[in-house]
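Have a look at the structure below, then the notes.
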Amino acid sequence: MGDVRSEQRRRLLRFLAASPVVAGMSIADWFELDAQEPAGMPREPGAIESADQALDVFDFEAVARQKLPPAHFGYLATGVDADATLRANRAALSRIEIRARHLTDVTRIDTAMELFGVRWETPIVLAPMGSQRAFHPDAELAVARAARAKRHLQILSTVSTTSVEDVAAARGEPIWYQLYPTSDWAVTEGLLARAEKAGCPAIVLTVDLPVGTNRETLLRSRRVDSRDCQICHQPGFVGMVSRKPMFDGLDVAGVEDLVYPGMTWDFVKRLRDRTRAKLLIKGIVTAEDAALCATSGVDGIIVSNHGGRSEESGRATVDSLPEVVAAVRGRLPVLVDSGFRRGTDIFKALALGARAVCIGRPYGWGLGAFGQAGVEAVLQLLRAELETAMRTCGTPSIKNITPRSVVVGR
């Protein structure tokens, strides 16, 4: 095991040396930049040996970085271009201050929220994340079991490495399904029909990837990965989805990519007319598009820049959130994702009008580090941090968290 870890560490060093983002920086500087956490006691990569030793979600990142092959961790870590939007998602949260109120009875804390008539114990949602078998053999099943154990809403990716039926069974109740449309309506209908048959009550259409993106960090990580990736990753769309069970039985010979650059509001209407499930649009970041959602039969919005993986706008989702909330004027629930790593981050998003906050990379780190136990620990840490923030800020329930709970941009 020591030899394996040493080799992985050498690969990481070569990866860091090749990256222009970290040119001229020490490894300690790079870890601090990656986590966007304040400097303090040094964080030794791989310092924890079990999930229950973690003090925050970043402890799982360090272990996942050590355990995963470079290309797999690179897929989890990457943004686009110079990763500026990825970092902006974290930096923007640091500019939001919390206004602590005191002398309120916070003996009991209620973190419950409601979405489409369903009560959830927590506003923390598991965002869709593809290819989870790259992080752990139990993949989406481990995540579903953790979601079940900790009672969280889960959204499954189109490019899941586990079928929607098996994930729903592991979760113990229907999950939401995220939809990449492709350019072939017949494929879209096939994916949709299967999700509906599995009982998915909500379809989450991703619109923030009209084209493929330049994921430099991922590409650089592949250069230092000594494995033969072609064994698992066949070229072309057909090769890519050959290991994605949601495409089993579908004719994908003419499909070029998951994303569809020709998608417009007419596509949204067609999808709305096709399904009775709740329809959410994921990737809305402006008031203009949010207002169109509210008049297009859409049931909800997820403010998202794909975790900094969809466009190099340099704008954080938490900065986009207030204008989206204002534009819908309470007609639709607004969720948000991208960059949320702390309970205080979640508190800030709730204060700015989010109904729920979706997390992605943190549970990916937990999965890569310790499987189901890691995912459960990540969820437990975030919930505990949120409850602590609510207590110290005099907000015993989610409804008590309002725009007056924060100060933005000082």
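Would you pick out the residues in region 306-357 that are at positive phi and buried (at least 24 other Cβ atoms within 10 Å of the Cβ)? Those that are at positive phi and buried (at least 24 other Cβ atoms within 10 Å of the Cβ): 307, 308, 338, 339. Scan region 32-67 for residues that are basic (Lys, Arg) and either under 19 Å from residue 136 (Cα atoms) or at pLDDT 80 or above (or both) and the total you get is 2. For region 102-131, a residue qualifies if it is at pLDDT below 95 and polar (S, T, N, Q), and exactly one does: 131.
Note on region 150-201: residues that are part of a strand (DSSP E or B) and more than 17 Å from the chain's Cα centre (by Cα) amount to 0.
The C-beta contact set for region 83-108 (first residue on the phi > 0 side of the Ramachandran plot, second residue surrounded by 21 or more Cβ atoms within 10 Å (Cβ to Cβ) and not in a helix (DSSP H, G or I), distance under 8 angstrom, 6+ apart or interchain) comprises 83/308. Residue selection: residue 375 fails the criterion of being in a helix (DSSP H, G or I), over 17 Å from the mean Cα position of the chain (by Cα), buried (at least 24 other Cβ atoms within 10 Å of the Cβ) and not aromatic (Phe, Trp, Tyr). Here residue 297 passes the criteria (1) at positive phi; (2) surrounded by 15 or more Cβ atoms within 10 Å (Cβ to Cβ) except the one numbered (2). Exactly one residue among 106, 80 is surrounded by 14 or more Cβ atoms within 10 Å (Cβ to Cβ), touching a Leu at 6+ places or on another chain (Cβ under 9 Å) and not in a helix (DSSP H, G or I), and that residue is 80. Within region 226-248, is there a residue that is among the aromatic types (Phe, Trp, Tyr) and under 24 Å from the mean Cα position of the chain (by Cα)? Yes, the conditions are met somewhere in region 226-248. Summed over region 166-186, the residues that are buried (at least 24 other Cβ atoms within 10 Å of the Cβ) and at positive phi give a count of 1.
For residue 216, the criteria (1) modelled with pLDDT of 95 or more; (2) surrounded by fewer than 20 Cβ atoms within 10 Å (Cβ to Cβ) hold in every case but one, which is (1).
So in region 202-227, with the set limited to residues that are in a loop (DSSP other than H, G, I, E, B) and among the polar types (S, T, N, Q), which one is nearest to residue 337 (Cα to Cα)? Top of the filtered list is 213.
The values are calculated or read from the model by the stated rules, or taken from the named source; none is laboratory data. Everything quoted here is computed from the prediction, not taken from an experiment. A quick note on method: Cβ atoms are made from the backbone with ideal geometry, for glycine too, and the neighbour counts reach across all protein chains shown.
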